[in-house]
1. Quick check: is even one residue across region B:230-244 within 16 Å of ligand 1 (Cβ to nearest atom), part of a helix (DSSP H, G or I) and within 30 Å of B:M361 (Cβ to Cβ)?
2. Going by the conditions given, is B:T288 within 16 Å of ligand 2 (Cβ to nearest atom) and surrounded by 19 or more Cβ atoms within 10 Å (Cβ to Cβ)?
3. Residues in region B:364-404 that are more than 26 Å from B:L443 (Cβ to Cβ) and more than 10 Å from ligand 1 (Cβ to nearest atom): how many?
4. I need the full set of residues from region B:174-198 which are at the interface with chain A (Cβ under 7 Å from one of its Cβ atoms) and more than 19 Å from the chain's Cα centre (by Cα), in order please.
5. Out of all the residues in region B:432-448, is one or more basic (K, R) and surrounded by 17 or more Cβ atoms within 10 Å (Cβ to Cβ)?
6. Would it be correct to say that B:A402 is modelled with pLDDT of 95 or more, crowded, with 23+ Cβ neighbours inside 10 Å and farther than 22 Å from B:L114 by Cβ?
7. Select the helices (runs of 4 or more DSSP H) contained entirely in region B:375-435, then report the ones holding at least 1 residues which are more than 17 Å from the chain's Cα centre (by Cα) and closer than 25 Å to B:S267 by Cβ.
8. Looking only at region C:52-60, decide whether some residue is free of Cβ contacts under 8 Å to residues at least 40 places away in the same chain, within 9 Å of another protein chain (Cβ to nearest Cβ), part of a helix (DSSP H, G or I) and closer than 30 Å to B:G323 by Cβ.
Amino acid sequence: MANHSASHPAHVQHHFVDSDQQFDSAKLGMWVFLVNEILFFGGLFCAYIIFRAWYPELFTQAALQLDKVWGGVNTIVLIGSSLTVAMAIRSAQRNEIKGLRINLMITILLACVFLVIKYFEYEHKLHLGIAPGFFWNPAPEVTATLDHPQANIFFSIYYMMTGIHGLHVLVGIGLMIWLYIRAGKGHFSAEYYTPVEITGLYWHLVDLIWIFLFPLLYLIE
Amino acid sequence: MAITEAKKMTTLQVKRFKPSENPTNTFLTDEKGVWAWMTTVDHKKIGIMYLVAVAFFFALAGFLAIALRTELWTPAKTFIEADTYNQLFTLHGAMMVFFVLVPSIPAALGNFILPMQLGAKDVAFPRLNLASLYIYVAGAIFTFAALASGGFDTGWTFYTPYSSDGNGAGVIWVTLGVFILGFSSILTGTNFITTIHKLRAPGITWDRLPLNIWALYATSIIQVLATPVLAITILLLSFENIMDIGIFDPALGGDPVLFQHFFWFYSHPAVYIMIVPGFGIISEVISTFSKKTVFGYWAIALSSLAIAFIGFLVWGHHMFTSGQSAVATTVFSFLTFLVGIPTGIKIFNWIATLYRGSIDMKTPMLYVFIFLFLFSIGGFTGIMLGALSVDIHLHDTYYVVAHFHYVMMGGTLIALLAGLHYWWPKMTGKMYNEKLAQISAVLIFIGFNMTFLPQFIMGAQGMPRRYYNYIDQFTPFHQTSTIGSYILGVAFLIILYYLVKSLFSGEKAPSNPWNSRGLEWQSTSPPDFHNFDHTPVVINGPYDYHKPMEEFQLGLAVSHEGHDAEHAPAEVDTTEEKA
Amino acid sequence: MSAQEHHGHHIASVKMLWSVGIGLTILTVLTVVVSSLGLPSPLDILSALAIALAKAFLVATFFMALKWEHRFNAVLLIGAVVFFLLMVGVTLLDTMYRIEVVPSF
Ligand code: HEM
Ligand SMILES: [Cu+2]
């Protein structure tokens, strides 16, 4: 750090002393951003907890409308994508650009699988009239088991939480496509892989959020 | 923190760099033209652009305030309709809070000063810094769109169900504007935290950080923790408006008080986002103009962090009459008293700093005294409002209005003026007219007290806030208040006049007009594009007025990079120091 | 010093990454199984949360490499969670002790 006569490689911006300082700063910045994300989702979790504490029977009834199996599959898909992103970082650190690209590609595919499954889940619910807000118009087979005056609120929370989470997945896919292209252009190496590393952090957080969403929304008996 | 330790153990070759009094090359001459400014990543230019934007919104919102006060000249309608009045006070409040006070000190002055006080060339993420400015502008555009689509009259607090009962597109636009603005605040906070952790010049250990940096650090932490909650609240509110999701709307089974919890979970900490950077400025100015080490460095530094923390636990004091449970109100009332403690600690330490200092009553110092007086009143009345039973009587009266103007205007804005006058020579390279500056400071003091002292009395007697008419007995108070606001208006015009004039015909500013020991003053006025043409090395605390000036002008003797090698410093003393 | 200079550049082994991935999968299956046991009221939520926390711990420690990071990054994560818990806890002080759940207007 104190060695100020180190040469200034091309990827180091002018206001940093060296590559390590830039790398550490980027990572710290990402962590601070993740703090933001946690409190952003925190608001939704807070609303969830308060309504669940008020209407426990509603949550038990409403969760029956969600499909545990597909939720579980999606959890495992996201875990897999977290694994491949970690592998991508490892490849970059070892200067294996081909491995980096392959791992990124698998991650992108898994993220897409997640969204496709999510799409079919939404589709199914919308079909039954389980829709947010004033589209709320449950079919008779739903109201047979779900008979609660606040039922719409559970699904508002469900749609907000999974919707915003899905949006984060979408952003993650975009970022990873960008990384994939840059990796193809030879921008990354063991010397410089900061964008891969911090996108990885972001992606793990998206996974973390889902790890809590899954039991809280799907697994209420 | 291993890196700092590694630094301590290395012997650095340092020499003295005395800042030139006649810089030929500054950040103002380096990149010229509108395009260069608009695409710059230089924290100094971005800070100045923020300052201009903030000043613009301050003028706009201030103009609205004058209109509101004029309407209140007579008990009945004076010249605007009740509905228009509701829209104007909402716009005034929302703009002053979100467009002026929240970004003012951190994004405008802080952006300029923070990297300089750290001896850094820029903030950690210069492009995000520029992005935050444009996001701010985008937020502003949304607010104007709200005006174009019918306006909004919910008050700056956007309480449901006022804001959710479908009263038009205006609310959606403005809340989305605030949502966007939040991101600009988050980016600034993220940038500052990273910069303070990673970009300190050699020798700037945590116990040598200027108190302004500690204050900005605490502020950034609050920004990062609180602003996302505002963002999600507004998103939920927007969906409430767009498609009736029912979380906040009582008609759909939701809970409007939950909205208030979410809103104040941001907005009470946000009042500290506004005031804590002001504390930082006060600490700097008070030490410089007393020529004395600040008393209780750690007490002031850590009380900022304590305020940041406790500030998250008191939000319910805005909801004493909302139907919140009695348990919660009692706890919130108790915790509210606790916030007074770290604030009081600061005031005592500042007073102790003044004690036996050689006090120089220049304009920035004048503002410090105004601050101490006004902010103390604001703080005390806050404690009174925090007392549960008292607040049941005073809630939603002019007493609250007076309280928050004493802290927000008497505190934050006065501190901003202190900082602006303090750093103006550094930022522009020009001196302003000291006599006019002092006159307007006094006018502000008089005008401010005329405007807001009567509001305490009216409020205690039961004058509710947010009304455009009132019963006759309040006429003298309202009229005094209105006259006071005109005096304030005139004072601000004078400030605008001499500051702008100084740009064109002001005396040239020396590099260190106040003989401060602060690192930011060891650059040229205005600073070089890279702030310093060397890497500064710090061996003393930021307020060590008992040490000679030379010891504050050290830099690495060996330049580690090619650029700027050609700007050789004017005077070079070669010394060797163990840093 | 040298150990510290490599902060944040720790290269994870394939074996470790895969074990964590498999561990997470097992925990996912476990939480589904436990949820279908129909445990009595507080136990069901507590078990689900405990498993979720264990998974979160694995992701943060190994995938996000907090184990090898500057400690401040972990402080940030824990701090964010603490402030979230404060928000929930203090809000519950109101919502759980109201006379009427949703005040009527
Ligand atoms: C000693 C510290 C403080 C205490 C104990 C305190 C206490 C309070 C209380 C209890 C209220 C609620 C009154 C009511 O609505 O009935 C209040 C309102 C307010 N305070 Fe403070 N306060 C303090 C400092 C500040 C500071 C530093 C600021 C801003 C820079 C501030 C800004 C506000 C604002 C804007 C409101 C009114 C919000 C609204 O309803 O529109 N306060 N304060
Ligand atoms: Cu407050």
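The values are calculated or read from the model by the stated rules, or taken from the named source; none is laboratory data. Note that the structure is predicted; figures quoted are calculated from it, not measured. Every residue, glycine as well, gets a Cβ built from its backbone with ideal geometry; the counts of neighbours run over all protein chains shown.
1. Scanning region B:230-244 turns up no residue that is within 16 Å of ligand 1 (Cβ to nearest atom), part of a helix (DSSP H, G or I) and within 30 Å of B:M361 (Cβ to Cβ).
2. no
3. So the answer is 1.
4. Matches in region B:174-198: B:T194, B:H197, B:K198.
5. No: zero hits.
6. yes
7. In region B:375-435, the matching helices (runs of 4 or more DSSP H) lie at B:388-394, B:398-407.
8. Within region C:52-60, not a single residue is free of Cβ contacts under 8 Å to residues at least 40 places away in the same chain, within 9 Å of another protein chain (Cβ to nearest Cβ), part of a helix (DSSP H, G or I) and closer than 30 Å to B:G323 by Cβ.
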